[in-house]
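Read-outs throughout are calculated quantities, based only on the coordinates presented, and are distinct from any laboratory measurement. Since this is a predicted model, take the numbers as computed values, not measurements. Positions of Cβ are backbone-derived with ideal geometry, glycine not excepted, and every protein chain shown enters the neighbour counts.
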Amino acid sequence: MRSDIIPGGVFPDYQLPDHTETLRRLSELQGDDPMILTLARGHYCPKEHQQHLELAAMQSKIAVAYTKVATIATDEHHTLQEFRASVGAYWPFLSDPGRIVQQDLDIQEYTDPDHNPMVPYTLVLKPGLVIHSVYNGYWFWGRPSTDDLWRDLRAATMEIRPDWDLGTPGLRAAWESGDLSSFHGWDRR
């Protein structure tokens, strides 16, 4: 992995086609919310299925927590659609059969020349694609559990949401004066 892909660094804003063949930028998918990003081996890997099944089981919690998820895999379009459907995911899966991400991040999994996948990483990103945490999932136990993700997302959200604690001095006064800039979602009304 490139040396700048560390907590506090900024993840590259890749633009790739999603499962509907629409070009999507990671920053567009993320918006101003935290994001779980998986860099996946692909549909052929049972470890990927297990990790993505666990994420899919958690997606209703992820949605109500104003958090996004995206997967980048080296699969071709139809295989990517099968992967997404087979795990019951509702989030975008981005297709990178040209291995742009693999090459740019220097994460070729050289132990599998048949599939030429990426080393599977999972990242938790704060808004602006700022890296909060990085997990190397070459071995399955290196991948984050749902508990790991919950802790990371709690910490990241506490950092980015001024309204995390409504008891913070000044928040009530700001609300009552009509200054909603510190209140996520309310600032857009």
**Prompt:** Which residue pairs have Cβ atoms under 8 Å apart, sit 6 or more places apart or on different chains, and have a first residue in segment 41-68 that is touching a residue at least 60 places away in the same chain (Cβ under 8 Å) and closer than 17 Å to residue 121 by Cβ and a second that is outside any helix (DSSP H, G or I) and of a type in the set (Lys, Arg)?
**Reply:** 47/41; 47/143; 48/41; 51/143
**Prompt:** Between residues in segment 1-20 that are without any contact (Cβ under 8 Å) to a residue 24 or more places away in the chain and residues that are among the basic types (Lys, Arg) and surrounded by 12 or more Cβ atoms within 10 Å (Cβ to Cβ), which pairs lie under 8 Å by C-beta distance while being six or more apart or on different chains?
**Reply:** 15/24; 15/25
**Message:** One residue is enough: does segment 165-179 have a residue meeting the conditions out of contact with any strand residue (DSSP E or B) (no Cβ under 6 Å at 6 or more places or on another chain), under 25 Å from residue 60 (Cα atoms) and not in a helix (DSSP H, G or I)?
**Reply:** yes
**Prompt:** residue 23: crowded, with 16+ Cβ neighbours inside 10 Å, at negative phi and in contact with a strand residue (DSSP E or B) (Cβ under 9 Å, 6 or more places away or on another chain), yes or no?
**Reply:** no
**Request:** Out of the residues in segment 20-38 that are out of contact with any Lys or Arg (no Cβ under 7 Å at 6 or more places or on another chain) and in a helix (DSSP H, G or I), state the one that is nearest to residue 56 (Cα to Cα).
**Result:** 26
**Message:** Looking at 75, 112, can you tell me which residue is farther than 23 Å from residue 155 by Cβ, assigned to a loop (DSSP other than H, G, I, E, B) and either in contact with a His (Cβ under 6 Å, 6 or more places away or on another chain) or among the basic types (Lys, Arg) (or both)?
**Reply:** 75
**Asked** Are any residues in segment 130-159 surrounded by 13 or more Cβ atoms within 10 Å (Cβ to Cβ) and either on the phi > 0 side of the Ramachandran plot or in a loop (DSSP other than H, G, I, E, B) (or both), and if so, which ones?
**Response** 137, 138, 143, 144
**Request:** For segment 160-186, enumerate the residues that are under 20 Å from residue 68 (Cβ atoms) and either loosely packed, with under 13 Cβ neighbours inside 10 Å or touching a residue at least 40 places away in the same chain (Cβ under 8 Å) (or both).
**Result:** 160, 184, 185, 186
**Request:** Say whether the condition of being among the acidic types (Asp, Glu), in contact (Cβ under 8 Å) with a residue 24 or more places away in the chain and surrounded by fewer than 19 Cβ atoms within 10 Å (Cβ to Cβ) is met by at least one residue in segment 113-129.
**Result:** no
**Prompt:** How many residues, within segment 46-58, are surrounded by fewer than 18 Cβ atoms within 10 Å (Cβ to Cβ) and part of a helix (DSSP H, G or I)?
**Reply:** 7
**Request:** Output the residues belonging to segment 168-189 that are more than 26 Å from residue 124 (Cβ to Cβ) and either touching a Lys or Arg at 6+ places or on another chain (Cβ under 9 Å) or not basic (Lys, Arg) (or both).
**Result:** 169, 170, 173, 174, 175, 176, 177, 178, 179, 180
